[in-house]
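Encoded as structure tokens, the structure appears first; notes follow it.
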Amino acid sequence: MTRVRSVLRLVVIPAGSLAVTVGVPLWFLGRLPDPMARHWSASGTPDGASSPILLTALAGGVVLVVWVALLLVERRGTPSSASSAVAFFLMSLLAVLQVVAVWANLDVAEWPEARAVGAPVALGAALVAVAFGGLGWVLTGSGAVPSGPAAAGPAPRMELGAGEDAVWFGMAESRGLAVLAVLLVGVAVVVGGVVAALVLVVAGLVVFFAAVRVGVSEHGVEIGLGWWGWPRRRIPLDEIMRAEVMDVEPLAMGGWGYRVVPGSMLRGARAVVVRRGPGIRLVRGMRPDLVVTVDGAAQGAGLVNALLERDGRVLPPTPGGGD
Amino acid sequence: MYCSSINGTMLLRFDRSDADPIYDQIAASVRRSIAEGDLEVGDRLPPARELARALGVNVHTVLRGYAQLRDEGIIEMRRGRGSVVLAGGRSQARLRSLARELCAEARRQGIGIEELAALIDEEMS
């Protein structure tokens, strides 16, 4: 059963998407205008065209890249429902849009005469893609989810002299997410129309979570999204009990981006995850903990604890820091 | 003041009892960490606005500190690209840091400028 699922998920459906994306336009190549309509205005009339071969190569290339990414994730032993869902969504979306484009252009003499593709068709295509995404989610199953978040690490402490003050800045960035955003913009350009707007919104969200900036000072811990550090949020020191270093495993935190951590391990902690690796966990009393991935986490957490200690807060003896 | 940087992260320490203006302290801290090799050529200083928020001071105060470093040829300030440590910055920063330390020590010992100058003169020859 698991084997059938894996074959479906890793071979049959990706190969099917690729076959449709590339095969359908090539099969009907003789009955398509060159250039063919590939972009429709919001009112449904065609307003952009390119060579069928170029269009097919681009769409097929994107499907191929997504497929390779799916296999790489599998090889690392970290498949997740979310990654399969996103991959299936993208692949099936491209396949369906290719079919729609071929249907609209079939047997017309010049691309401006192509059949109208309005919002209902675009929405239908998006729904089919969402359905495939859901299928990917289901096929991955629960067995693939890794074994829960890494144990909370120690709470480092920085030495701070009596009259001394300090501020700390750190950031984390993900090249992978940046590339994904660029890829999505590419998809939007290729598909055009209403779906492109949706894909662009997703690309925008991805860019915001491709980097995070963290600042620590006596005024609290400030977390800002993106390379530009906005929108940002400040957690005052008096809301924090202590800071710990932890090794963040995105798939155990529920994925990338802003997360409410599933399961009971971190008591519904909130997390800003841009990459795998070290992060700071702010343990708060009444409120949920806050986890943020950041380079140099030990130094940042150390300063938080030093500032807390200076304020006369007695830190509970860590290591282990379990709740 | 003291600061250090590890790939994009940066720690700035300063003395709250220091009588120098904040912008002088900011400049001195960056200078020292460059001199000690904690900040390297090409490293980026935190955006002035971010540092100002963290220190609870006006952004112009921070920019004044950065401008001081720029005028000394230690950093380069580029609109939109932030402030970056320059190649020649290291030796400049080291000299400035040492001079600053020397002057502070002289002041502590009650040594006047002439006596200090004589001392330097003696060392140089």
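Is at least one residue of segment A:234-251 closer than 30 Å to A:Thr140 by Cα and either among the basic types (Lys, Arg) or assigned to a loop (DSSP other than H, G, I, E, B) (or both)? Scanning segment A:234-251, I find at least one residue that is closer than 30 Å to A:Thr140 by Cα and either among the basic types (Lys, Arg) or assigned to a loop (DSSP other than H, G, I, E, B) (or both), so the answer is yes. Being in contact with a Pro (Cβ under 6 Å, 6 or more places away or on another chain), more than 27 Å from A:Glu164 (Cβ to Cβ), in contact (Cβ under 8 Å) with a residue 40 or more places away in the chain and outside the structural domain of A:Ser84 (by TED's automatic domain parsing) is a property that A:Trp227 lacks. Just to be sure I understand, how many residues within segment A:1-32 are surrounded by 12 or more Cβ atoms within 10 Å (Cβ to Cβ) and not in a helix (DSSP H, G or I)? Qualifying residue count, segment A:1-32: 2. The set of residues from segment A:171-226 being within 12 Å of chain B (Cβ to nearest Cβ) and among the polar types (S, T, N, Q) comprises just one member, A:Ser217.
If only residues of segment A:159-176 that are farther than 21 Å from B:Asp18 by Cα and at pLDDT below 85 are counted, the one that is surrounded by the most Cβ atoms within 10 Å (Cβ to Cβ) is A:Gly176. Do we have B:Asp38 as without any contact (Cβ under 8 Å) to a residue 12 or more places away in the chain, within 14 Å of chain A (Cβ to nearest Cβ) and part of a loop (DSSP other than H, G, I, E, B) here? Answer is no for this residue. Considering the conditions (1) surrounded by fewer than 19 Cβ atoms within 10 Å (Cβ to Cβ); (2) within 14 Å of chain A (Cβ to nearest Cβ), B:Ser33 is excluded by exactly one of them, (1).
The values are calculated or read from the model by the stated rules, or taken from the named source; none is laboratory data. Because the structure is predicted, anything quoted here is derived from the model rather than measured. Cβ: placed from backbone, ideal geometry, glycine included. Neighbour counts: every protein chain shown.
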